[in-house]
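Below: one structure, written as structure tokens.
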Amino acid sequence: RSRLADSQHHEGIVLDIERLPQPSLQRLLDQLGRQPGPACLVALDGVGNPHNFGAILRSAVHFGARAVLIPSGTTLTLAGAVYRVAEGAAERVPVVRYDDLAQLKGHGFSLVATSGQGERRLYRDDLPARSILLFGAEGHGLARPVMELADARFQIPGSGRVESLNVAQAVAVVLGEWWRAARA
């Protein structure tokens with residue numbers, strides 16, 4: 001059991017479960033492109049912390065995101081820490097890899113970047129009903145080419161007493177606002 005769990009802290013219970021096959025990016029986008037109405041995807045770029053990834057998956061499921069997109073070359077995996085933090089959400093949302101964010105253009109979605117310097121403001125300006133929300137790693141955020149690829153750039157207003165939110169917190173705040181606006 002300890003070898004399978006890769007830990008001695010399994011409290012006597014270890015499960016070896018195969019994850020359901022994940023759709024390809026093209027299949028996901030084609031399928032969602034044929035479905036009318038609001039839809040949201042979360043795309044991560046540069047995020048590498050498994051605890052943040054698990055929290056992002058949990059928020060994605062809670063607020064109805066259709067998938068979480070991660071770069072093909074990322075170190076992120078659906079490791080045990082991700083499943084623990086996700087608290088059951090990792091099994092409920094597709095995690096789909098992409099090679100290049102430019103692949104996400106079109107398909108009936110707006111690419112929405114999050115940035116402290118965004119010209120649009122969450123709570124004041126509505127997020128598009130069909131959005132691919134782009135989030136970068138803490139610290140350097142989204143790279144300039146990613147920001148330029150986006151159809152809109154939103155900032156999360158706050159007190160200004162800290163530079164930014166943790167990426168998992170930012171995802172939860174933006175998804176919550178997307179959910180509110182999409183259901184209005």
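The values are calculated or read from the model by the stated rules, or taken from the named source; none is laboratory data. Values in this document were obtained by computation on a predicted structure and should not be read as measured data. Virtual Cβ from ideal backbone geometry, glycine too; neighbours counted across all protein chains shown. All accessible areas refer to the heavy atoms of the entire protein, side chains included, with ligands and DNA or RNA removed. Shrake-Rupley method; radii C 1.70, N 1.55, O 1.52, S 1.80 Å.
Taking a ≥ b ≥ c as the square roots of the eigenvalues of the Cα gyration tensor, an a/c ratio of 1.5 or more together with a/b no larger than b/c marks the stretch 106-180 as oblate.
Rounded to the nearest 500, the 222 nm mean residue ellipticity of the chain from helices alone is -8500 deg cm²/dmol, with -39,500 (n - 2.57) taken per DSSP H run of at least 4 residues. Since only ASN166, GLN35, ALA150 are under comparison, the one whose Cα sits farthest along the positive direction of the charge dipole of the chain, derived from C-beta charges on Lys, Arg, Asp and Glu, is GLN35. Under a 5 Å amide H cut-off, with hydrogens placed 1.01 Å from N, VAL96 pairs with VAL68, LEU69, ILE70 among residues at least 5 apart or on other chains. Accessible area per residue (1.4 Å probe, heavy atoms of protein chains only) ranks ARG130, ARG144, ARG121 as ARG144, ARG121, ARG130, with the largest value leading. Shown in residue order for the stretch 151-164 are the 3J(HN,Hα) couplings computed by the Karplus curve 6.51 cos²θ - 1.76 cosθ + 1.60 at θ = phi - 60°: 7, 8, 10, 10, 10, 9, x, x, 6, x, 7, 10, 5, 6 Hz (x for Gly and Pro). Approximating the spin labels as points 7 Å out from Cα along Cα→Cβ, the ARG120-to-SER72 distance works out to 2.9 nm. Students often get this wrong, so try it: which of (1) 17.5, 53; (2) 17.1, 66; (3) 16.8, 53 is Rg and Dmax of the Cα atoms in Å as calculated from the structure shown? Structure-derived value, by its label: (3). Contact order, relative form, for the chain: 24 percent (alpha carbon pairs under 8 Å, 6 or more residues apart, mean separation divided by residue count). Average accessible surface for the chain: 57 Å² per residue, computed with a 1.4 Å probe over protein heavy atoms with every protein chain in place.
Each Cα pair under 8 Å and six or more residues apart adds its sequence gap; the mean of these over the residue count of the stretch 27-134 is a relative contact order of 33 percent. Between the amide H of ALA137 and those of ASP45, VAL47, distances stay under 5 Å, these residues lying 5 or more places away or on another chain, with hydrogens modeled in the peptide plane. For the stretch 50-64, putting each phi into the Karplus relation 6.51 cos²θ - 1.76 cosθ + 1.60 with θ = phi - 60° gives couplings of x, 5, 4, 4, x, 5, 5, 4, 5, 5, 4, 5, 4, 9, x Hz, in residue order, rounded to whole numbers and with x for Gly and Pro.
Here the 3J(HN,Hα) profile of the stretch 88-105, calculated from phi with Karplus coefficients 6.51, -1.76 and 1.60 at θ = phi - 60°, is x, 6, 4, 8, 10, 9, x, 10, 10, 8, 10, 8, 8, 4, 4, 4, 8, 5 Hz, Gly and Pro shown as x.
Near the amide H of ARG130, within less than 5 Å, lie the amide hydrogens of ALA39, SER110, all on another chain or at least 5 residues away, with H placed in the peptide plane. Anisotropy class assigned to the stretch 138-184 is oblate, per the alpha carbon gyration tensor with a/c at or over the 1.5 cut-off and a/b no larger than b/c.
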